[in-house]
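Novice: Provided herewith is a single structure, encoded as structure tokens, for subsequent inquiry.
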Amino acid sequence: MASADMLEHSPANVAKDNTPSRTTIPGTAPNRQMALMAEARAKATFDTETLAELIHDGPEALAFRRGAYARTEAAAGSTDSWKLPLQYAHTSREDLYREGLHTGRAAWEDGVKHDHSLFDVLTPRYCMSNASPFGIHFNLFGRSIDFLGNLEQRQKWMPLVAQGRVNGAYVQTEVGHGSNVAGIQTTATFDTTDDTIVLHTPTTSATKYWPGSVAFSATDAVVMARLIVPSQAPGRSKDYGVQPFLVALRDRETGRLASEGLELGDIGPMPGYNQNDNGYVCFNNVKIPRTNMLMGVCSLSRSGELTRLARAELVYGTMLSSRTFITHGAAFQLAQAVTIATRYSVVREQGNLPFEDQQKGSGEVPIMTYKSQQYRLLSQLANAHAMNSTAKITYAMQADLDSRLKKQDYSTVAHVHGLMAGAKAWFTNVAAEGAEDAKRCCGGHGYLSMSGLPEIVSTAAACCTLEGDNVVMWQQTARYLMKVMNVIEAGKVAEG
Ligand SMILES: Cc1cc2nc3c(=O)[nH]c(=O)nc-3n(C[C@H](O)[C@H](O)[C@H](O)COP(=O)(O)OP(=O)(O)OC[C@H]3O[C@@H](n4cnc5c(N)ncnc54)[C@H](O)[C@@H]3O)c2cc1C
């Protein structure tokens, strides 16, 4: 199956990577379903290895990837695909979190030891990496420091991030404000007397809510809060809007809360992503040094003077780049659901063909024989391949933007932002709806947790909301297009 090639290291897949053979269940005789699967595979009219190389950027990258998956699966104890993954065997919040710690650690350690970023975006189970308590660390926490920090801050923090000596979170959303980031209420007030910044949650609706890994796991966080600087006139102050701050959440050795004014907790079970500890944070006058404000976009001097160094909207730049990764992830999430449903459709026999010219009376047929099933699955398979190919282009665009931003070249920011907001919305919508239909393609068996499909559907669906709600994303793309139209109508050349 072509979809399987996208996911060739899925635990439920082929035995190319030194894992135990998956064609027979130990202790059982081959059955009809195995014969049907072998027959379907034998009908492939293309070289699956060549396709796998195309998907994964050539033979070397493919071989490296196989090695990484084999090592990580071995370290996480999940090489035996005949055993149900823990998620489907135990469903308590605690068990799921432990599983997240276990596999998240295996993936992280493999990346650090073998110097790769394969699991920075997607877990070895093909959901977004924030399914693990360490999954926000590189993408959102590390990238925030890299983009929003000044040179000194980058030099201090990036080695800690790379070596895994801290585990970072990205703390932005509040109970009362998600899409409207500019409306968030947590305050970061500069105290000129002792050169500190005081973080505070002024109302219940200002409680930080949702950030991955804050409930039990994160040691540090990038916290988005309103910078308030007292002015010369007594009792007066100025609100400089949302800025990023580095805040210690837990002692790196003991795991104890880093400050008395911190209140952290779990927000409870979700339909997916329960391997992560998404949580809430309240700040009760938590003090941090002034120098913990990330000062790559704006700097705050000892005397309380704010200097803008880059375009203000770059403060939200981390989310822009994470949308690029999400588009890639969406392709694989859809491919994973289609792979399961296609395999199932090849071995599930149900009903007869109704017409004479369709070998009527030849017995029950695999459901993949039905044109409607082919249309549903193959069109989603095509979507997954198209999304994966497009994601390579968006990655290149993001890499180009990253290098421009380092040189303070903002000429393509609006273009990439407009494009990526729409791409994120379209990709994740297609993946969520396609995965849901793949689940339905498996009938009642697809609805069972052990099919893996309900989990894939719910993790794909979450991507329509996280890192920017899709409706809001479409609005941003539409706004960009209207601006471009105005520029073109005025006879000028649009940027990007
Ligand atoms: C699994 C998961 C992980 C997350 N991880 C993190 C994390 O690590 N850190 C973090 O800070 N946050 C995190 N979030 C929070 C996430 O970023 C927000 O949920 C998201 O930005 C949406 O905000 P909201 O929940 O307040 O929804 P709302 O903004 O209240 O949206 C609710 C509805 O209102 C509609 N709506 C809102 N504004 C408009 C508008 N202007 N026009 C039209 N319709 C509108 C939306 O389309 C949506 O249907 C996570 C969320 C999830 C689900």
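Novice: Could you pull the Cα extents of the range 273-413 along its three principal axes, largest to smallest, in whole Å?
Specialist: Projected onto its principal axes, the Cα set of the range 273-413 covers 88, 40, 15 Å.
Novice: While we're on this one: At 37 °C and 0.692 mPa s, grab the translational diffusion coefficient of the range 93-178 from Stokes-Einstein with a Kirkwood Rh over Cα pairs, rounded to a whole number in µm² per second.
Specialist: Numbers: Rh = 13.7 Å.
In µm²/s, the coefficient rounds to 240.
Novice: Using a 1.4 Å probe on the protein chains only, how many percent of the accessible area of the chain belongs to carbon and sulfur?
Specialist: Summing carbon and sulfur atoms, their accessible area is 56 percent of the total for the chain.
Novice: Would you mind getting the Kirkwood hydrodynamic radius of the chain from its Cα pairs, rounded to one decimal in Å? List each step's numbers first, then the result.
Specialist: Values: mean 1/r = 0.0410 Å⁻¹.
By the Kirkwood definition, the hydrodynamic radius is 24.4 Å.
Novice: When we measure straight from the Cα of K156, which aspartates and glutamates land under 15 angstrom away, once same-chain ones fewer than 8 places off are left out?
Specialist: D146, D220
Novice: How far apart, in nanometres, would the label points at T203 and Q163 be if each is projected 7 angstrom from Cα along the Cα-to-Cβ direction?
Specialist: Once both label points are built, they end up 4.4 nm from each other.
Novice: Here's another thing I want to ask about it. How big is the accessible area of E305 in square angstrom, nearest 10, if you roll a 1.4 angstrom probe over the protein chains?
Specialist: 120
Novice: Any chance you could look up the accessible area of E495 with a 1.4 Å probe, heavy atoms only, rounded to 10 Å²?
Specialist: For E495, solvent-accessible area is about 80 Å².
Novice: List the chymotrypsin sites (Phe, Trp or Tyr not before Pro) within the range 242-344 that DSSP assigns to loop and that have no more than 15 neighbouring Cβ atoms inside 10 Å.
Specialist: In loop regions of the range 242-344 (DSSP not H, G, I, E or B), there are no sparsely surrounded chymotrypsin sites (Phe, Trp or Tyr not before Pro).
Novice: Just to verify a number: FRET efficiency for R311 and A386, C-beta to C-beta distance, R0 = 51 Å, to 0.05?
Specialist: Efficiency for this residue pair is about 0.95.
Novice: Rounded, prolate or oblate: which fits the range 133-173 when a ≥ b ≥ c are the square roots of the eigenvalues of the alpha-carbon gyration tensor, with rounded for a/c under 1.5 and prolate only if a/b beats b/c?
Specialist: Judged from the Cα gyration tensor, the range 133-173 comes out oblate (a/c at least 1.5, b/c at or above a/b).
Novice: Once the Cα atoms of the range 232-295 are picked out, what are the Rg and Dmax in Å?
Specialist: That works out to 16.0, 51 Å for Rg and Dmax.
Novice: For a quick size check, give me the Cα extents of the range 90-132 along its three principal axes, largest first, whole Å.
Specialist: Principal axes ranked by extent give 34, 17, 12 Å for the Cα atoms.
Novice: Using the heavy atoms of the protein chains alone and a 1.4 angstrom probe, what is the accessible area of the range 286-326 per residue in square angstrom?
Specialist: On the way: 1540 Å² over 41 residues.
Solvent-accessible surface per residue comes out at 37 Å².
Novice: If you don't mind, another one. If you roll a 1.4 Å probe over the heavy atoms of the protein chains, what accessible area per residue do you get for the range 62-123, in Å²?
Specialist: 52
Novice: Still on this structure: Considering amide H positions built from the backbone, and no H for Pro or chain starts, which residues 5 or more places from S179, or on another chain, come under 5 Å of its amide H?
Specialist: Result for S179 returns nothing.
Novice: Counting pairwise Cα distances across the range 27-171, what percent come out greater than 24 angstrom?
Specialist: Tail of the P(r) past 24 Å holds 49 percent of the pairs.
Novice: In the P(r) worked out for the range 251-332, what percent of Cα pairs fall beyond 22 Å? Don't jump to the answer; show the numbers that get you there.
Specialist: Working: 1883 of 3321 pairs.
Tail of the P(r) past 22 Å holds 57 percent of the pairs.
Novice: If I model a spin label as a point 7 Å beyond the Cα along the Cα-Cβ vector, how far apart are those points for Q374 and K113 in nm?
Specialist: 4.7
Novice: Right, next: Could you grab the Rg to Rh ratio for the range 337-496? Cα atoms only, Kirkwood for Rh.
Specialist: Looking at the range 337-496, the ratio lands at 1.16.
Novice: Nearest 5 is fine: what % of DSSP beta bridges in the chain come out antiparallel, could you say?
Specialist: Details: 34 of 41 bridges.
Given both bridge residues lie in the chain, the antiparallel proportion sits at roughly 85 percent.
Novice: Apply the Kirkwood formula to the range 359-429: the hydrodynamic radius equals the inverse of the mean of 1/r over all pairs of different alpha-carbon atoms; give it in Å with one decimal.
Specialist: 15.3
Novice: Quick check on the range 438-496: what does the Kirkwood estimate of hydrodynamic radius come out to from the alpha carbon pairs, in Å?
Specialist: Here the Kirkwood hydrodynamic radius works out to 14.6 Å.
Novice: State the three equivalent ellipsoid semi-axes of the range 181-302, derived from the C-alpha gyration tensor as the square roots of 5 times its eigenvalues, in descending order and whole Å. Can you show the working numbers first?
Specialist: Values: eigenvalues 146, 49, 31 Å².
In descending order the semi-axes read 27, 16, 12 Å.
Novice: Heavy-atom accessible area per residue, the range 338-456, 1.4 Å probe: how many Å²?
Specialist: Accessible area per residue, the range 338-456: 48 Å².
Novice: Can you list the lysines whose alpha carbon sits under 22 Å from that of K83, skipping same-chain ones fewer than 8 residues off?
Specialist: K16, K439
Novice: When N counts the residues of the range 127-217, how does its alpha-carbon radius of gyration compare numerically with 2.2 N^0.38 Å, as a ratio?
Specialist: Against the compact-globule rule of thumb, the ratio is 1.20.
The values are calculated or read from the model by the stated rules, or taken from the named source; none is laboratory data. In this text the structure is predicted, and so the values were computed from the model without any measurement. Heads up, the Cβs are rebuilt from the backbone with ideal geometry, glycines too, and the neighbour counts pull from every protein chain shown. These area figures cover heavy atoms from the full protein model, side chains too; ligands, DNA and RNA do not enter into them. Shrake-Rupley method; radii C 1.70, N 1.55, O 1.52, S 1.80 Å.
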